[in-house]
Amino acid sequence: MFYDIFISLCNEKGVKPSPLLSSLGLSKSNSKNWQEGKVPDTKAVIALSEYFGVTTDYLLFGKKNEISEIETKLLDRFRQLDELEKEVILGKVSEMILKKEEETETSFEISDDISPCTDIHKLGVNKR
């Protein structure tokens, strides 16, 4: 599986496996070993995941990262902040989530007052 994913990523990037491995400081013989089903070492997995911009889980198991494009952009920008700025952002996000949860609870409280069996006259609706 690893070898197939590796070759597929090479094809997508338009690079040949052996020169890529050399450029990353990895042995060219790795490609043949992987083709035979041998498991790559940690150094190779990390170097390739960084080069291709994929997770190590994807390289090893084919598990795609399930985040949207906007989440990726947000994460990229978040990583550019210093630690204090990150804490501020996390605080703001927490505030937004709490506010949203409170609004949801309020809407449930309003709808809880009106049950399916409520007399229509209690709702202020005139019968004809």
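The values are calculated or read from the model by the stated rules, or taken from the named source; none is laboratory data. Only a predicted model underlies this, so the values are computations on that prediction, with no experimental measurement involved. Note: ideal-geometry Cβ built from the backbone for every residue, glycine included; neighbour counts use all protein chains shown.
Just checking, how many residues over segment 1-42 are of a type in the set (Gly, Ala, Ser), surrounded by 11 or more Cβ atoms within 10 Å (Cβ to Cβ) and assigned to a loop (DSSP other than H, G, I, E, B)? The number of residues fulfilling the criteria is 1.
Of all residues in segment 83-108, those that are free of Cβ contacts under 8 Å to residues at least 40 places away in the same chain and of a type in the set (Val, Ile, Thr) have Cβ atoms under 7 Å from Cβ atoms of residues that are outside any helix (DSSP H, G or I) and surrounded by 10 or more Cβ atoms within 10 Å (Cβ to Cβ), 6 or more apart or on another chain, in ILE89/LEU81. Can you find even one residue in segment 81-100 that is touching a helix residue (DSSP H, G or I) at 6+ places or on another chain (Cβ under 7 Å) and modelled with pLDDT under 90? No, segment 81-100 contains no residue that is touching a helix residue (DSSP H, G or I) at 6+ places or on another chain (Cβ under 7 Å) and modelled with pLDDT under 90.
Considering each residue of segment 48-56 in turn, at least one proves to be within 16 Å of the chain's Cα centre (by Cα), loosely packed, with under 12 Cβ neighbours inside 10 Å and not aromatic (Phe, Trp, Tyr). Residues in segment 60-80 that are in a loop (DSSP other than H, G, I, E, B) and of a type outside the set (D, E, K, R) were compared, and the one that is modelled with the highest pLDDT is GLN80.
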